[in-house]
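Shown next, in structure tokens, is the structure this report addresses.
The values are calculated or read from the model by the stated rules, or taken from the named source; none is laboratory data. All of these numbers come straight from a predicted model, not from anything done at the bench. We place every Cβ from the backbone using ideal geometry, glycine too, and count neighbours over all the protein chains shown.
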Amino acid sequence: MKEGENRSDLLLKTFYRLVNAIMSKTDDPAGDLLSVMADDIKGFGTGKHEVFNSRDEFMERIYRVFGKQLPAEAHLEFLNLQIAMQDTIGIVHGPYEISYMLGGIETRFYMRRTVIFKWDNEYWRAIHMHVSEPSAHLTEGESWPVKALKAQNEELKRQVELQTEKLSKSLSELKATQHQLILSAKMASLGELTAGIAHEIQNPLNFVNNFSEVNKELLSEMKDEMEKGNLEEIKSIANDVIENEEKINHHGKRADAIVKSMLQHSGTSSGQKEPTDVNALCDEYLRLAYHGLRAKDKSFNAVTKTDFDNSIGKVNVVSQEIGRVILNLINNAFYAVDEKKKQSGNEYEPTVSVSTKKEKDKVEIRVKDNGNGIPQKVLDKIFQPFFTTKPTGQGTGLGLSLSYDIVKAHGGELKVETKEGDGSIFTISLPI
């Protein structure tokens, strides 16, 4: 006992120390409880199971359980403490209020605590403790923390159900938005191709128009020769018309194939794999992407190189999906070399190469550029959704993310090798 401190003050101080330790409001709750409780302390709580006959039993049955039930921010306030002392015995008794916030809801309940202390060599030690609820409306076998938390749990259950409903609605909206974003990304890539498609389809249409005009003239000549009865000349003209018709048919089918390919690119994938000539797929998208960029920017120019392994044959893939991946990688490569061209001047020759190679049980498609390469600090992020190194408005950040997912869905891999200042190589590996 400190000098100038009487037993009554020390008794009240010890009581507060005991209660705050039980509430875990001290720096060392367990240590404080050991110092203010007698080894053989006895007592009981509000439930018949809350009985203890030693300090160890209290620590195990009451303190550890109680400590888990109350939130850390719980606040305790005694309303009217009464103290009594006689010789070496001291009693502290009184009601108190416990309040705390949980899930945005304030909970309050009232308890009564009685503690009997014994004076022991200048210290008070608790030898008996009893906790009760003033209203005493507890179900048999129930303790006051359980009762308070039951009401709290009901309210939390209601809030959880409400939040679950909101989250379910948000998830549906998120899925709809995701679908729209993917569709937008597909249409954006198709938009990039529009000029290239126009260029590619113009060639076969020009052939169709030209040969149609020639055939019209030949048929007029045939009519003249028929009137003259010149059979040999009629046969010769007829052969020229037939030959021209075959050319018209060939170029018409070529135009039809381009249109069908673009419809497939813009449409929803059926998910069905089919034997696909990946060499032809790469060649077509390389030309379409190049002419598309040239149509948008007349100053754009780049050397394109191809190196296709003809031993590959046809690979079983969803052609429109793999086509999207190839197109995205080629467009990115053209963007990279164009950016470097703007920085380097005339001494730099922008080059994009597309190659294929058969490697045992897989096929590799490589798109290589000699652009600026990808900075090491962002290399780990390039396949993440919405990440882009392009300026705002020039990239959605979905291209590589969708490409990665498409290749993974085919059981393959999409990898990148890059060196700052020298360029990048994107490799698609697909199982045969």
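Below, the figures for the structure above:
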quantity: The range 314-339: number of residues that are over 19 Å from Val416 (Cα atoms), touching a helix residue (DSSP H, G or I) at 6+ places or on another chain (Cβ under 9 Å) and not acidic (Asp, Glu); calculated: 6
quantity: Residue, nearest to Asn53 (Cα to Cα), within the range 79-96, restricted to residues that are small (Gly, Ala, Ser) and surrounded by 14 or more Cβ atoms within 10 Å (Cβ to Cβ); calculated: Gly90
quantity: When residues of the range 15-32 are limited to those that are in contact with a Ser or Thr (Cβ under 9 Å, 6 or more places away or on another chain) and under 17 Å from Lys118 (Cα atoms), the one surrounded by the fewest Cβ atoms within 10 Å (Cβ to Cβ); calculated: Arg17
quantity: Filtered residue count, the range 231-254, keeping only those that are over 14 Å from Val214 (Cβ atoms), within 51 Å of the chain's Cα centre (by Cα) and either surrounded by 16 or more Cβ atoms within 10 Å (Cβ to Cβ) or among the β-branched types (Val, Ile, Thr) (or both); calculated: 1
quantity: So Asn328, is it over 28 Å from the mean Cα position of the chain (by Cα) and either under 15 Å from Ser403 (Cβ atoms) or not in a helix (DSSP H, G or I) (or both); calculated: no
quantity: Candidate set from the range 97-127 (those that are among the aromatic types (Phe, Trp, Tyr) and free of Cβ contacts under 8 Å to residues at least 60 places away in the same chain); member that is surrounded by the fewest Cβ atoms within 10 Å (Cβ to Cβ); calculated: Tyr110
quantity: One residue from Val115, Val160, Val131 being modelled with pLDDT of 85 or more and either over 21 Å from Ile22 (Cβ atoms) or not polar (S, T, N, Q) (or both); calculated: Val115
quantity: Selection within the range 20-32 - assigned to a helix (DSSP H, G or I) and more than 17 Å from Leu10 (Cβ to Cβ); calculated: Ile22, Pro29, Ala30, Gly31
quantity: Residues of the range 331-370 that turn out to be assigned to a loop (DSSP other than H, G, I, E, B), surrounded by 15 or more Cβ atoms within 10 Å (Cβ to Cβ) and of a type in the set (S, T, N, Q), as a count; calculated: 1
quantity: Any hit, the range 196-208, residues being assigned to a helix (DSSP H, G or I), under 30 Å from Leu400 (Cβ atoms), at pLDDT below 60 and in contact with a helix residue (DSSP H, G or I) (Cβ under 8 Å, 6 or more places away or on another chain); calculated: yes
quantity: Identity of the residue in the range 33-64, over 15 Å from Phe117 (Cα atoms) and among the β-branched types (Val, Ile, Thr), that ends up modelled with the highest pLDDT; calculated: Val51
